[in-house]
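Colleague: Structure incoming, see below.
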Amino acid sequence: MKKYVILFFISFLVASGFAQNQKNEPIFSGSYFGQKEPGNSPEVFIPELFNKYGYLHGRLVFAPGGKEVFWVITTSDKGENFDKRLFIKQKPDGTWSEPEESFLSIDRKENGPSYSIDGKRLYYQSRSPLNGDGKNKGIDIWYRERNDDEWSEPVNIGAPVNTSQDESQPFVTSDGSIFFCRNNEKTNAEDKGGSDIYFAEFKNGKYEEPICLGPEINSGYQETEPAFAPDGGYLLFISNRPGGYSRMMNLYVSFRKPEGGWTKAICLSKDLKIDNIWFPTITYDGKYLFFCGGYPTEHGYNNSNYYWVSINFFEN
């Protein structure tokens, strides 16, 4: 009887996310690592796991179904670069594996992972040359196909999305269309430059010519890291335009109008009250927003955290 009580207690700890491995680190289990769901105020997301390297500045994206995570860290400390491209997977018993190196290349500066809606493709940006050999080139958008637990060789998405300019930060919609970023052109002397958000519709098996989204979203400053709602209702992005909550990057939302087009972007950082927001991602169930927030210091980004919050905080 005593043995069964012990086994039951261990099972309870694992299911509750309180068990520890041989390194005295917690073993997480369940949907979203077994964490209590956030409400309309942002909550720090598992600092004991995601802050373990001491640096935090990169995208955290859950796969459709929520059973795997790609995690990118790209930052520097006093001029020294610190990069990781990690992958975490949920095991059949519901527990989560230790972070491991993913196929995303640090040398090719691969970043911005985005799943297709069925989880069978991963899109990302890369400086890889077209033939896969030689020196890094400008930034293009690539993808890999999933085959069970294996991933294919990289495929360049090609024209008209990729050009001689830099294309980055892809986000793929449910019908295969794609939002991404491309360098903008300065039109006024006071413009700061940066990138604009583009959209390319996927139609009849190919991409249409990309369009640059209008002034409701883009400005002469930097707009980047688009994240589109699963239901198609809104677009999130970050910008360093004047008038935000933070002196650095702020989170914005623009809603799609029923008749077409977009509403004027609204700064969400003023409601979240978190400085310097980067890397917004919307979970594929449409419930949560994840992002990275916090200022860099002379010691790097070690004062930043991943946050998550219910989408309801602004949808209402």
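Values in this text are rule-based calculations from the coordinates and carry no lab data. All values derive from a computational prediction rather than experimental measurement. No Cβ is skipped: glycine too gets one built from the backbone with ideal geometry, and neighbour counts run over all protein chains shown.
Colleague: Among the GluC sites (Glu not before Pro) within segment 128-190, which fall in a DSSP loop and have no more than 15 other Cβ atoms within 10 Å of their own Cβ? Intermediate values should be presented prior to the final figure.
Modeller: On the way: sites: GLU145, GLU150, GLU167, GLU185, GLU190; in loops: GLU185, GLU190.
Of the GluC sites (Glu not before Pro), the ones in loops of segment 128-190 whose Cβ has at most 15 other Cβ atoms within 10 Å are GLU185, GLU190.
Colleague: Right, next: Would you mind putting 205-218, 238-251, 169-182 in packing order, based on average other-beta-carbon counts within 10 Å, highest first?
Modeller: Values: 205-218: 14.6, 238-251: 19.1, 169-182: 20.7.
Per-residue Cβ counts within 10 Å, averaged per peptide and sorted highest first, yield 169-182, 238-251, 205-218.
Colleague: Using 0.36 nm times the number of residues separating ASP175 and TYR295, minus their current alpha carbon distance, what extension gain do you get? Show your work: numbers first, answer last.
Modeller: Details: separation 120, 0.36 × 120 = 43.20 nm, distance 3.61 nm.
This chain segment gains 39.6 nm when fully extended.
Colleague: Here is a further query. To two decimal places, what compactness ratio does segment 35-315 give when its Cα radius of gyration is scaled by 2.2 N^0.38 Å? Can you show the working numbers first?
Modeller: Details: Rg = 18.0 Å, N = 281, 2.2 N^0.38 = 18.7 Å.
Rg over 2.2 N^0.38 Å, computed on Cα atoms: 0.96.
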